[in-house]
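Shown next, in structure tokens, is the structure this report addresses.
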Amino acid sequence: MSQTTSNEMWGGRFASGPDAIMEEINASIDYDKRLYEEDIAGSKAHAAMLADRGILSAGDRDAIIGGLETIRVEIAEGRFAFSRQREDIHMNIEARLAELIGPAAGRLHTARSRNDQVALDFRLHVKSALEGFEAGLTAFIEALLDKAEAHADTVMPGFTHLQVAQPVTYGHHALAYVEMAGRDLSRCRDALSRMDECPLGAAALAGTGFPIDRHQTAEALGFREPTRNSLDTVSDRDFALEFLSFAAICATHLSRLAEEIVIWSTPQFGFVKLSDAFSTGSSIMPQKKNPDAAELVRAKPGRINGALISLLTVMKGLPLSYSKDMQEDKEQVFDAIDSLNLALAAATGMVRDMTIVTDRMKAAAGHGFSTATDLADWLVREAGLPFREAHHVTGRAVARAEEKGVGLADLTLDEMKALHPAITDGVYSVLTVEASVASRTSFGGTAPDNVRASAKAWREKLAKTG
């Protein structure tokens, strides 16, 4: 490569172009070519508006739009020759347009700058990605709801500190992830609403003196309205930061689910089974079935969190308006889009695919004296003890059962009465895991009827807002 190359874009200002190092650091075409659909759509809308406002002739408009469509097909079919010397997707497309239609191509850039052009392209791309995640999250929630309804009565241990705490139902557990995904869906929609403003027409930083119609281009490109301040428009990457914030939280939720799938699929737990579709074998141990899909979903937040911190760091000290630092905004966002898309698809697939081993869950639900709180509640409700005293009596019951190597329900009535004389044989009605979960009827509790009602409410909510 020559150390000095001609630079068409900067025209007469520079006698020669940047050397090889400058070209290497300055070029973004290797990754921003991903924005070609958005760039072409923006240019078509801009050309149509310029013609409607009498700034561009109808003939030039038609030539430009026709040429842009030819370029779109060339890129889609892999026939477009991208040039790093032309830096970015905008100049690559403009140069090819000039080859196709001649001088009319140079009129396309009237009343706009690469600053508002890239802000438009990038915003359109992130907006489209969020619309895809809106659909993906809805499918994920529906998969979880299917499992919740099918297992509204399936008893399993609930954990705190990964120690058995109280019995819950698997349906209730699945609905916990529905709530997380529901918040993700809400954040996704909020972000979409805030970024639904069109940057095109802000030009370099101050607007333009040409009589453009920004509302026309905003409508043509599917935005609610144009942005309201030209300085902020070309400076703003909040939409990308907000996407990355949403992505980081969503990926964290998916990672927590993946962690449980990894743990639950071990022989020691045996709560779930994944099919071969989401598992791999070992190159040396023929008996192994590894939950690799879940492990990779668990790893994705590392990339996405890094992308968020990276862009926050790029943006934190920039003065208004545009700085070249902002070219470092895309690669990590593109990677986060791809990573979250894959993680969400894999998580949805695993939820639909996995078999719930109900007998293992039920057996584990009774371990660790999981109905101890039910005993304490019974002492408060039936024997009139203050809760702190009931807690103390229950603790003694647990110690006695542990000493004998049995469960609470296996203690005799005489042994129970020795702990407190107010205990009757009615206590045994609350010491089964089924009775425990059935009693948790408070709003948001694990009772099977609650699970079914909550799942129904979520389906209605999705139908209303989908």
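You will find that of Pro301, Pro226, Pro211, the residue that is out of contact with any strand residue (DSSP E or B) (no Cβ under 6 Å at 6 or more places or on another chain), in contact (Cβ under 8 Å) with a residue 12 or more places away in the chain and open to solvent by less than 50 Å² (accessible area, probe 1.4 Å) is Pro301 and no other.
Checked against the criterion of being open to solvent by less than 30 Å² (accessible area, probe 1.4 Å), assigned to a helix (DSSP H, G or I), of a type in the set (Phe, Trp, Tyr) and farther than 21 Å from Ile40 by Cβ, the candidates Phe133, Phe122 yield just one match: Phe133. Restricting to the range 53-78, and then to whatever is aliphatic (A, V, I, L, M) and surrounded by 14 or more Cβ atoms within 10 Å (Cβ to Cβ), can you tell me which residue is farthest from Thr208 (Cα to Cα)? Checked the range 53-78; the qualifying residue farthest from Thr208 (Cα to Cα) is Ile75.
Among the residues of the range 137-186, what is the count of those that are under 30 Å from Ser339 (Cα atoms) and open to solvent by less than 20 Å² (accessible area, probe 1.4 Å)? Count: 17. Take Val433 and decide whether it is open to solvent by less than 20 Å² (accessible area, probe 1.4 Å) and touching a helix residue (DSSP H, G or I) at 6+ places or on another chain (Cβ under 7 Å). Criteria met by Val433. In this entry, Asp374 is excluded by the filter for residues that are surrounded by 15 or more Cβ atoms within 10 Å (Cβ to Cβ), at pLDDT below 95 and under 20 Å from Asp292 (Cβ atoms).
Here Val437, Val433, Val451 are screened, and the one residue that is in contact with a strand residue (DSSP E or B) (Cβ under 9 Å, 6 or more places away or on another chain) and within 20 Å of Glu142 (Cα to Cα) is Val451.
When the criteria are applied in full, Ile304 meets the requirement of being modelled with pLDDT of 95 or more, within 24 Å of Tyr31 (Cα to Cα), among the aliphatic types (A, V, I, L, M) and touching a Ser or Thr at 6+ places or on another chain (Cβ under 8 Å).
Yes or no: Ser28 open to solvent by 30 Å² or more (accessible area, probe 1.4 Å) and not assigned by the TED database to the domain that holds Thr217? Here the answer is no, as Ser28 does not meet what is asked.
The number of residues in the range 336-385 being assigned to a helix (DSSP H, G or I), more than 12 Å from the chain's Cα centre (by Cα) and not polar (S, T, N, Q) comes to 27. Of the residues making up the range 267-290, those that are farther than 16 Å from Met156 by Cα, open to solvent by less than 60 Å² (accessible area, probe 1.4 Å), at pLDDT 65 or above and assigned to a loop (DSSP other than H, G, I, E, B) are Leu274, Ser275, Ser279. Cβ-Cβ contacts under 8 Å between residues 6 or more apart (or on different chains), taken from a first residue in the range 188-199 that is farther than 14 Å from Leu120 by Cα and without any contact (Cβ under 8 Å) to a residue 12 or more places away in the chain to a second residue that is surrounded by 23 or more Cβ atoms within 10 Å (Cβ to Cβ) and not hydroxyl-bearing (Ser, Thr, Tyr), are absent. Taken across the range 227-247, residues that are of a type in the set (Lys, Arg), assigned to a helix (DSSP H, G or I) and under 23 Å from Asp335 (Cα atoms) do not occur at all.
The values are calculated or read from the model by the stated rules, or taken from the named source; none is laboratory data. Note that the structure is a prediction, hence the values are computed from the model and not measured. Positions of Cβ are generated from backbone atoms using ideal geometry, with glycine treated the same way; all protein chains shown enter the neighbour counts. Heavy atoms of the whole protein, side chains included, go into the accessibility calculation; ligands, DNA and RNA do not. Shrake-Rupley method; radii C 1.70, N 1.55, O 1.52, S 1.80 Å.
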